[in-house]
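For reference, the structure is listed below as structure tokens.
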Amino acid sequence: MSQKVILSGVKPSGRPHIGNYFGAMKQFVDLQNGDNKLYIFIADYHALNTVQSKEELQENIRNVALDYLAIGLDPEKVVLFKQSDIQEHTELGWIFNTITTMPYLMRAHAFKDAEAKNKDITVGTFDYPMLMAADILLYSPDLVPVGKDQKQHIEIARDTAEKFNRVYGETFKLPEPYILADTATFPGLDGQKMSKSYNNTIPLFGTDEEITKACMSVVTSSNAAGTPNKSDDTLFTLLSAFLNKDELQVKREKYESGDMGYKETKELLAEKIITYISPMRARREELAENPERIVEILKKGAAKAKVIASEKMKEVREKIGVTLE
Ligand code: ADP
Ligand code: TRP
């Protein structure tokens with residue numbers, strides 16, 4: 001792949017799970033190698049829609065920074081920053097509000113889901129895609145690595161860029177989503193999409209006990225004693241992240257023939273996850289001992305991001321007519 005500009009972010013709204021990792025965060029690490037220019041940020045203003053406690057938000061922000069470093073993001077290669085440090089995000093989000101209609105935003109899946117659940121929807125939740133469009137378009141990325149659930153948000157960012165370019169002249173580059181087919185929608189313990197809001201997660205940095213407990217509760221189809229197991233797609237999709245195709249096929253055949261029971265298969269999953277994450281978990285513990293370093297890294301990242309964002313905003317202000325010559 002030739003040199004690309006890549007941007008993505010994660011909300012500091014709770015503990016990450018392995019769906020976040022395989023769906024999005026792992027791609028950040030894989031993409032940092034090579035000549036790519038990466039901007040990876042903590043979407044703290046997005047989290048305000050759900051986290052309204054100072055201590056909790058501070059803790060969550062520190063945690064996402066630790067997660068980023070623990071999974072292997074290198075602050076020397078990647079611009080790591082906090083959204084709230086770059087005021088241009090909210091400023092551009094406002095400008096996008098003025099060229100976007102309510103009916104258009106009402107079509108967003110996230111809004112429709114919240115409405116279907118009769119949630120008290122904040123204006124911030126409704127307007128979420130405009131802030132996200134600003135997050136993206138300020139840095140002119142080629143690719144935005146995310147899970148499939150964010151695809152529509154990237155389409156909205158593209159539409160918004162096109163609209164702005166039509167009204168005010170060519171300004172924004174249209175970004176492409178970067179979604180890996182195999183992990184686009186990682187299943188949770190109940191077979192639905194793994195999500196913090198569905199309580200069906202396997203925590204990325206859980207203890208061995210937490211991970212084992214979660215794995216043991218993966219839903220499998222029940223079969224009469226002594227009869228072969230049905231193929232259980234959730235269990236095997238989860239396993240597929242840790243086994244190669246041949247290994248997976250062997251285990252699947254053993255499972256389906258009844259040679260390997262569901263308990264043993266779930267134990268295998270727990271063992272694979274624990275082996276995979278323990279080096280990252282150990283690194284995270286080490287990093288957590290030095291909180292000042294986190295503040296320092298985010299400050300340095302913000303200084304670099306600011307250069308790009310402020311240059312783009314200068315162009316935007318001139319184009320919309322608020323800059324007097
Ligand atoms: P959640 O749905 O748990 O609240 P977030 O919205 O914080 O997760 O998502 C952070 C990143 O992880 C996004 O890029 C999102 O697309 C990705 N992601 C979340 N859940 C999954 C999943 N089950 N499978 C694949 N990617 C996911
Ligand atoms: N909406 C994303 C999520 O829920 C987080 C996010 C905010 C984001 N701004 C972004 C992701 C810009 C990619 C690019 O996970």
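Every read-out reported here was derived from the displayed coordinates using simple, explicitly stated rules and does not represent laboratory data. Quantities reported herein were computed from a predicted structural model and do not represent experimental measurements. All Cβ positions, glycine included, derive from the backbone under ideal geometry; neighbour counts span all protein chains shown.
Springs between alpha-carbon atoms under 10 Å, Gaussian network over the chain: tell me which of VAL64, VAL79, VAL123 tops the mean-square fluctuations. Most flexible of the set in this elastic network: VAL123.
Using C-alpha pairs under 8 Å with a sequence gap of at least 6, the mean separation divided by the residue count of the chain gives a relative contact order of 22 percent.
Choose one answer from ILE136, ILE202, ILE121: the residue with the largest mean-square fluctuation in a GNM of the chain with alpha-carbon springs under 10 Å. Among ILE136, ILE202, ILE121, the largest mean-square fluctuation in the Gaussian network model of the chain belongs to ILE121. For the pair segment 116-178 / segment 276-306, the C-alpha centres are spaced 27 Å from each other. Residues considered: ASP74, ASP30, ASP44. Largest GNM mean-square fluctuation over the chain, using C-alpha springs under 10 Å, is found at ASP30.
Extending 7 Å from Cα along the Cβ direction at SER278 and again at ASN199 yields two label points whose distance is 3.2 nm. Selection among VAL10, LEU92, ASN20 by position relative to the dipole of segment 1-106 gives ASN20 as farthest towards the positive end (Cβ unit charges, Cα centre). Shape summary: segment 33-180 maps onto an equivalent ellipsoid whose semi-axes, from the alpha-carbon gyration tensor, are 24, 21, 14 Å in decreasing order.
Tell me which DSSP H helices of the chain clear both cut-offs, 20 Å or more of axial length from alpha-carbon atoms and a mean Kyte-Doolittle hydropathy of at least 0.5. Walk me through the numbers before you get to the answer.
Numbers: long enough: 54-71 (26 Å, -0.33); 123-137 (21 Å, 1.03); 151-168 (26 Å, -1.11); 262-288 (37 Å, -0.63); 291-320 (41 Å, -0.44).
Flagged H segments are 123-137.
Note on segment 205-284: Kirkwood hydrodynamic radius from all Cα pairs is 13.2 Å, rounded to one decimal.
Placing +1 at every Lys and Arg Cβ and -1 at every Asp and Glu Cβ, with all other atoms neutral, what dipole size does the chain have around its Cα centre, in debye to the nearest 20? Provide the component values of the computation, followed by the final result.
On the way: 42 positive and 48 negative charges, 85 e Å.
The dipole of the chain has a size of about 420 debye.
When the helices in the chain are scored as -39500 (n - 2.57) per DSSP H run of 4 or longer and the sum is shared across all residues, what 222 nm value do you end up with, to the nearest 500 deg cm²/dmol?
Working: 13 runs with 172 residues, N = 325.
Computed mean residue ellipticity for the chain: -17000 deg cm²/dmol.
Considering only the other residues whose Cβ falls under 12 Å of the Cβ of GLU271, what net charge follows from Lys and Arg at +1 and Asp and Glu at -1?
Details: positive: LYS266, LYS272; negative: ASP208, GLU264, GLU267.
That sum, taken over residues with Cβ under 12 Å, equals -1.
The antiparallel fraction among DSSP beta bridges confined to the chain stands at about 10%.
Restricting the calculation to Cα atoms, the chain shows an Rg/Rh of 1.01 when the hydrodynamic-style radius is the Kirkwood one. Packing order of peptides 282-295, 161-174, highest average first: 161-174, 282-295 (average count of other Cβ atoms within 10 Å over each peptide's residues).
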